[in-house]
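The values are calculated or read from the model by the stated rules, or taken from the named source; none is laboratory data. No experiment lies behind these values; they were computed from the predicted model shown. Methodologically, a virtual Cβ is constructed for each residue, glycine included, from the backbone with ideal geometry; neighbour enumeration extends over all protein chains shown. Side chains are part of the model used for accessible areas, which takes the heavy atoms of the whole protein and leaves out ligands, DNA and RNA. Shrake-Rupley method; radii C 1.70, N 1.55, O 1.52, S 1.80 Å.
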Amino acid sequence: YMREERFVEAAAKWSRLSEMVQNEAYFVQQWALCTYKSKYPSELKALTDALTIIERISSLSDTETLGITGAINKNLWKSTHDIVYLDTAIEYYKKGWSLYKDYYTGENYAQCIEYKALETGIDPEERTYYKIEGKKTRESVITVILKSLEVEEPEEVMWKYATLSNCYRGLGNESKATEYEYKFIQCSPKSCEISTFNISKKEIEEYLISNIK
């Protein structure tokens, strides 16, 4: 179901599994993930339902839970423009990056604080801090990923290439961004994975344009 992007059916299966096996964090994580991706019965309702689901996990401290919770709040901010959701997303992504040097939460932490820098009413010094923090975080994410690729048979290669492309693009290094985008495509990602990558790519490009204005 998830491979076919049939997220409503997938969420129902994960919900049932969560009822059958109590306190299994992985089932709850996937249930929340599929719920917010389903956008059913509306995007906002799906996101608020997903937030309620993920909060069933008593300790929101592992990278997967932090990443999913951050993503739900980031998308809630996009849907509602309520800055509280963006601040909450930043909190969860920063925790995942600070504690585990997890490249997924690191990339999204950088992206969210860059969004924060574009908010109106931000103090100029604070705006400058967010921009610098975003840049430094992207540079650190690149360092972490490149080092991980040096080991024999590295894991999650496809998504590491995608993240490298996004981070280089965010830093304005289009040649490196294109190089790793090509490597990502060479891994034969599914259509939904290409869509996810393209969404991030577009958001970064829009940020760069807004940052110039």
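Annotation: Phe184 fulfils all but one of (1) at pLDDT below 95; (2) in contact with a Leu (Cβ under 9 Å, 6 or more places away or on another chain); the unmet one is (1). If you check Val141, Val84 for being closer than 22 Å to Leu208 by Cα and of a type in the set (A, V, I, L, M, F, W, C), only one passes: Val141. The single condition among (1) farther than 23 Å from Ala11 by Cα; (2) part of a helix (DSSP H, G or I) that Glu119 does not meet is (2).
Okay, residues lined up against (1) in contact (Cβ under 8 Å) with a residue 60 or more places away in the chain; (2) surrounded by fewer than 19 Cβ atoms within 10 Å (Cβ to Cβ); (3) assigned to a loop (DSSP other than H, G, I, E, B):
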| site | (1), (2), (3) |
| --- | --- |
| Tyr40 | no, yes, yes |
| Leu44 | no, yes, no |
| Ala50 | no, no, no |
| Ser58 | no, yes, yes |
| Leu66 | no, no, no |
| Gly70 | no, no, no |
| Lys74 | no, no, no |
| Ser79 | no, yes, no |
| Asp87 | no, yes, no |
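Looking only at the stretch 174-201, count how many residues are under 14 Å from the mean Cα position of the chain (by Cα) and loosely packed, with under 14 Cβ neighbours inside 10 Å.
Total meeting the criteria: 3.
Within the stretch 145-157, being hydrophobic (A, V, I, L, M, F, W, C), open to solvent by 30 Å² or more (accessible area, probe 1.4 Å) and part of a helix (DSSP H, G or I) holds for Leu146, Val157. Taken across the stretch 90-99, residues that are more than 19 Å from Ile142 (Cβ to Cβ), open to solvent by 50 Å² or more (accessible area, probe 1.4 Å), of a type in the set (Lys, Arg) and touching a helix residue (DSSP H, G or I) at 6+ places or on another chain (Cβ under 7 Å) do occur, with at least one present.
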